[in-house]
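*Asks:* Sending over a structure as structure tokens; questions will come in a sec.
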Amino acid sequence: MDQIKTGRFIAESRKELGLTQRQLADALSISDKTVSKWECGKGMPEVSLMLPLCETLHITVNDLLSGMRVAEAEYRKSAEENMMDLLRENQENRKRFVLAILCAAVTIVAVCALVAIAAFMENLPAAARIAVLFLALLTGIAGMGAATVLDAAAGHYECPHCKALFVPVMADYVNGVHTFTRRRLTCPKCGNRGMCRRRLTR
């Protein structure tokens, strides 16, 4: 799916109906910043919002995912392509999640090995010991940073209050208290904060 194309289509459909971003946002009980993000191609509507959005804009979900009004003759082909795109996205999310776990594991092993070298090699000069510890620190920061970016991009989170699916902003993601499957986040749709469950598939 082309987020930029879909965003332009949302904007065009909204303007055809004479709606402002605020009016569309109010109809969906979301913020106008969320609508602006969609129209700029910086995100896609959550699954829970797709039907209400399409009803408000008088379009089909297939039109929305295609980024244009789909002719009746092309409807089935377009629907199949959109379904394949969703399946590919779900597979990519699973890959990112696995890579994030591997990256974190390799980072932990590498940092432990470097710290062990600095601590237990008796013949190591003080300057070299400090350099090894500094390398361990850099390895930890780089590795965990990469794991965090991969993990944040893997799938969506489900709000426990309104059941909306969303991708959190990085600052909220990093600061959120979490378990292996849940993270404390603020839902962009209802504004409530809670332990949101990770969903790798839509």
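The values are calculated or read from the model by the stated rules, or taken from the named source; none is laboratory data. Small disclaimer: the values here were computed from a predicted structure and weren't measured. Please note: Cβ atoms are built from the backbone with ideal geometry, for glycine as well, and neighbour counts cover all protein chains shown.
*Asks:* Here are 107, 20: which of them is outside the structural domain of residue 180 (by TED's automatic domain parsing), of a type in the set (Ser, Thr, Tyr) and under 26 Å from residue 140 (Cβ atoms)?
*Replies:* Details: 20 fails: under 26 Å from residue 140 (Cβ atoms).
Within the list 107, 20, the selection yields 107.
*Asks:* Oh, and also: In the range 158-176, which residues are in contact (Cβ under 8 Å) with a residue 12 or more places away in the chain and either in a loop (DSSP other than H, G, I, E, B) or within 24 Å of residue 26 (Cβ to Cβ) (or both)? Explain how you work it out, then say what you get.
*Replies:* Initial filter on the range 158-176 (in contact (Cβ under 8 Å) with a residue 12 or more places away in the chain): 158-168, 170, 172-174.
If the condition is that a residue be in contact (Cβ under 8 Å) with a residue 12 or more places away in the chain and either in a loop (DSSP other than H, G, I, E, B) or within 24 Å of residue 26 (Cβ to Cβ) (or both), then 158, 159, 160, 161, 162, 163, 164, 165, 166, 167, 168, 172 are the ones that fit.
*Asks:* Then there is this: State yes or no: is residue 44 within 28 Å of residue 200 (Cα to Cα) and surrounded by 20 or more Cβ atoms within 10 Å (Cβ to Cβ)? Spell out the reasoning first.
*Replies:* Working: within 28 Å of residue 200 (Cα to Cα): yes; surrounded by 20 or more Cβ atoms within 10 Å (Cβ to Cβ): yes.
The answer is yes for residue 44.
Listed here are the residues, each with its yes/no results for (1) over 25 Å from residue 33 (Cα atoms); (2) out of contact with any Phe, Trp or Tyr (no Cβ under 7 Å at 6 or more places or on another chain); (3) aromatic (Phe, Trp, Tyr); (4) surrounded by 13 or more Cβ atoms within 10 Å (Cβ to Cβ).
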| position | (1), (2), (3), (4) |
| --- | --- |
| 99 | yes, yes, no, yes |
| 115 | yes, yes, no, yes |
| 123 | yes, yes, no, no |
| 127 | yes, yes, no, no |
| 153 | no, yes, no, yes |
| 160 | no, yes, no, yes |
| 172 | no, yes, no, yes |
| 193 | no, yes, no, yes |
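*Asks:* Right, another one. Among the numbered criteria (1) of a type in the set (A, V, I, L, M, F, W, C); (2) surrounded by fewer than 17 Cβ atoms within 10 Å (Cβ to Cβ); (3) within 22 Å of the chain's Cα centre (by Cα), which single criterion is violated by residue 27?
*Replies:* (3)
*Asks:* From the list 24, 49, which one is touching a residue at least 24 places away in the same chain (Cβ under 8 Å), in a helix (DSSP H, G or I) and farther than 20 Å from residue 167 by Cα?
*Replies:* Details: 49 fails: farther than 20 Å from residue 167 by Cα.
Criteria check complete, one pass: 24.
*Asks:* Could you tell me which of the residues 99, 114 is outside the structural domain of residue 38 (by TED's automatic domain parsing), at pLDDT 80 or above, under 19 Å from residue 178 (Cβ atoms) and of a type outside the set (Val, Ile, Thr)? Break it down into steps so the answer makes sense when it comes.
*Replies:* Working: 114 fails: under 19 Å from residue 178 (Cβ atoms).
Sole residue among the options that is outside the structural domain of residue 38 (by TED's automatic domain parsing), at pLDDT 80 or above, under 19 Å from residue 178 (Cβ atoms) and of a type outside the set (Val, Ile, Thr): 99.
*Asks:* Could you check, for the range 139-156, whether at least one of its residues is of a type outside the set (Asp, Glu) and over 21 Å from residue 99 (Cβ atoms)?
*Replies:* Step one: filter the range 139-156 for residues of a type outside the set (Asp, Glu), giving 139-150, 152-156.
Now drop any that are not over 21 Å from residue 99 (Cβ atoms), which leaves none.
Within the range 139-156 (the criterion being of a type outside the set (Asp, Glu) and over 21 Å from residue 99 (Cβ atoms)), the answer is no, since none of the residues qualifies.
*Asks:* For the range 182-191, state whether one or more residues are under 30 Å from residue 33 (Cα atoms) and in the same structural domain as residue 91 (by TED's automatic domain parsing). Let's see the steps before the verdict.
*Replies:* Taking the range 182-191 and keeping what is under 30 Å from residue 33 (Cα atoms), we get 182-191.
This time we only want the ones that are in the same structural domain as residue 91 (by TED's automatic domain parsing), so: none.
Within the range 182-191 (the criterion being under 30 Å from residue 33 (Cα atoms) and in the same structural domain as residue 91 (by TED's automatic domain parsing)), the answer is no, since none of the residues qualifies.
*Asks:* Moving on. Taking residue 154 as the residue in question, decide whether it is in contact with a helix residue (DSSP H, G or I) (Cβ under 8 Å, 6 or more places away or on another chain), among the small types (Gly, Ala, Ser), closer than 30 Å to residue 172 by Cβ and part of a helix (DSSP H, G or I).
*Replies:* Working: in contact with a helix residue (DSSP H, G or I) (Cβ under 8 Å, 6 or more places away or on another chain): yes; among the small types (Gly, Ala, Ser): yes; closer than 30 Å to residue 172 by Cβ: yes; part of a helix (DSSP H, G or I): no.
For residue 154, the condition - in contact with a helix residue (DSSP H, G or I) (Cβ under 8 Å, 6 or more places away or on another chain), among the small types (Gly, Ala, Ser), closer than 30 Å to residue 172 by Cβ and part of a helix (DSSP H, G or I) - is not met.
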